[in-house]
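See structure below.
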Amino acid sequence: MHLFSSKTHTEELIEFLEANAPSPTPSALVKRIYDAFDTTQMLKGVDYYLNKNDIKQRQIYTYRDGVKVVDLEAKNERIPSGFHKILVDQKTAYLAGEPMTFSSRSDNNKSLEILEELIGEKWEDILPELIKNASNKGKEWLHPFINEEGEFDYMIIPAETFIPIYNNKTKKLVAGIRFYDESEEVIKLEVWTDEDVTYYILTNNQVMLDEDEEMNPAPHFMKGEDWGTWGRVPFIEFANNNERISDLYFYKDAVDAYDNLVSDAQNTLEDMQSLIWALKGYTGEDLGEFMDNLKRYKAVSLDLEGGLETIRAEVPVEAYQVQTEKLKENIYAFGQGVNPSPDIIGDAPSGVALTNLYSLLDMKASILERKFTLALREFMWFIAEYCHIAGRESFDYRDITFSFNKMLLTNEAEIIDMAQKSQGIVSQTTILENHPWVKDVALEQERLTKEQPTQL
């Protein structure tokens, strides 16, 4: 028995590109791929980062005449927690709180100067955004390009606005569709391949070639009057992990449970402010009359066997505290973060305690670090290719190394004491490199030399 399955839209696109390049991709195929692109899970991580948790959409229901309806009279506090933002910001600050260090394996200072010139201080702002966005969405994209002045530049492309097309066998990026809103009625779409880019517009639920573009398909860039191409699809994936999923995926249920528990407790506390009256033997006609008499006369009429009591809701405080603390503990454990509670960190934890405290965060960050290192190597390739295109000095992209300067809480007094005890055992340079107050070892050595008394 043979099972047959239709080709996916992306497989159709790959086959078309292989057979018809550089012809424009059929508009109907672009539309089908665009319609099938699902950003739900990506945007869920962004929502929780912005405190738009699912609890914000919670409804309280009741039954009226056997029909389930929204109870608009019921207390419905919807209090979102900010755990996801805390965990993502911890990871971002841990990896990018200090600027990344670029080095040369061959000590080629000229390559480092070229790199500094081309990516500049802009990279120090881009890197934290890439980490944050990849942690929220599972991945983010960087787009290197040559601008109209012929200069190298790059920009972040949100993952929810770029559809990657991979070769199923090689897993190589062979095309991509970038899209963005031009107006409320028009969406721009760009189909990028390793040779060119074709521009489309989506309006009235139809995709068509963008007639406003003078050249369509167009080159990646212009080199004088000639076409210029990278020879690769100029989009680089910065993945959060191998599964390309948000950090939120691993602890969302615990966050939702915490939000529900806190919101329900608040509802109970508000309900406690209203008395519930228990009546026995009331001689009036209805409850409305009872409340009117109580407000007006401060009295009600009861028969001989009647009685009147008030009932208040009770909050199970101990159970509530135990459960919220357990959920909080699970969120930081499943989220592989650091619980900032003073009860956890303590007043002056030792170096060993801090290492243990940061072990899960370091594990999670290391996974992203490996993925980002692969992406950075590809970024260096585009820089090297630009140097070749622009006729500049050669730049060996394989010679550059990257170091994330992880920002770890330390016990300064403990480290300084160890430094003093290490005098004469290790070099002064090593001591300075590990001293918590020293940011620039060379500058500190220069200052120490100046402070030494002049020998006669």
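The values are calculated or read from the model by the stated rules, or taken from the named source; none is laboratory data. Note that the structure is a prediction, hence the values are computed from the model and not measured. Using ideal geometry, Cβ is built from the backbone for each residue, glycine included, and neighbour counts are taken over all protein chains shown. Surface accessibility is based on the protein's heavy atoms, side chains included, excluding ligands, DNA and RNA. Shrake-Rupley method; radii C 1.70, N 1.55, O 1.52, S 1.80 Å.
Send over a whole-number figure in Å² for the accessible area per residue of the range 61-101, probe 1.4 Å. Accessible area per residue: 58 Å².
Packing here is the average count of other Cβ atoms within 10 Å per residue, and on that basis the peptides 139-149, 64-74, 387-397, highest first, run 139-149, 387-397, 64-74. Expressed in Å, the radius of gyration and Dmax of the Cα atoms of the range 88-225 are 18.2, 57. This model, with +1 at the C-beta of Lys and Arg and -1 at the C-beta of Asp and Glu, gives the range 91-182 a dipole about its Cα centre of some 920 debye. Along the range 73-88 the Karplus relation, 6.51 cos²θ - 1.76 cosθ + 1.60 evaluated at θ = phi - 60°, assigns HN-Hα couplings of 8, 6, 5, 9, 5, 10, 10, x, 9, x, 4, 4, 5, 4, 5, 5 Hz to successive residues, with x for each Gly and Pro. With the charge dipole of the range 153-257 set up from +1 on Lys and Arg Cβ and -1 on Asp and Glu Cβ about the Cα centre, the Cα lying farthest toward the positive end among the listed residues Gly176, Tyr199, Val186 is that of Gly176. With a Förster radius of 35 Å applied to the beta-carbon distance between Asn356 and Phe402, the computed FRET efficiency rounds to 0.80. Our summary of shape: the Cα atoms of the range 180-238 have principal axis extents of 35, 32, 15 Å, ordered from largest down, in whole angstrom.
Normalised by 2.2 N^0.38 Å, with N the number of residues, the alpha-carbon radius of gyration of the range 95-164 equals 1.28. Stretching the chain fully between Ala93 and Asp35 yields a gain of 17.3 nm (0.36 nm per residue, less the alpha carbon separation). Find the centroid of the Cα atoms in the range 218-270 and in the range 22-81, then give the distance between the two in whole Å. Measuring centre to centre over Cα atoms gives 16 Å.
Rounded if a/c is under 1.5, else prolate if a/b is larger than b/c, else oblate: which is the range 19-135, with a ≥ b ≥ c the root eigenvalues of its Cα gyration tensor? Taking the square roots of the gyration eigenvalues as a ≥ b ≥ c, the range 19-135 is oblate.
Using Cβ point charges alone (K and R +1, D and E -1), the dipole size of the range 147-236 about the Cα centre works out to roughly 900 debye. Taking every C-alpha pair closer than 8 Å and separated by at least 6 residues, the mean separation divided by the residue count of the range 60-213 gives a relative contact order of 9 percent.
Using Cβ point charges alone (K and R +1, D and E -1), the dipole size of the range 24-106 about the Cα centre works out to roughly 140 debye.
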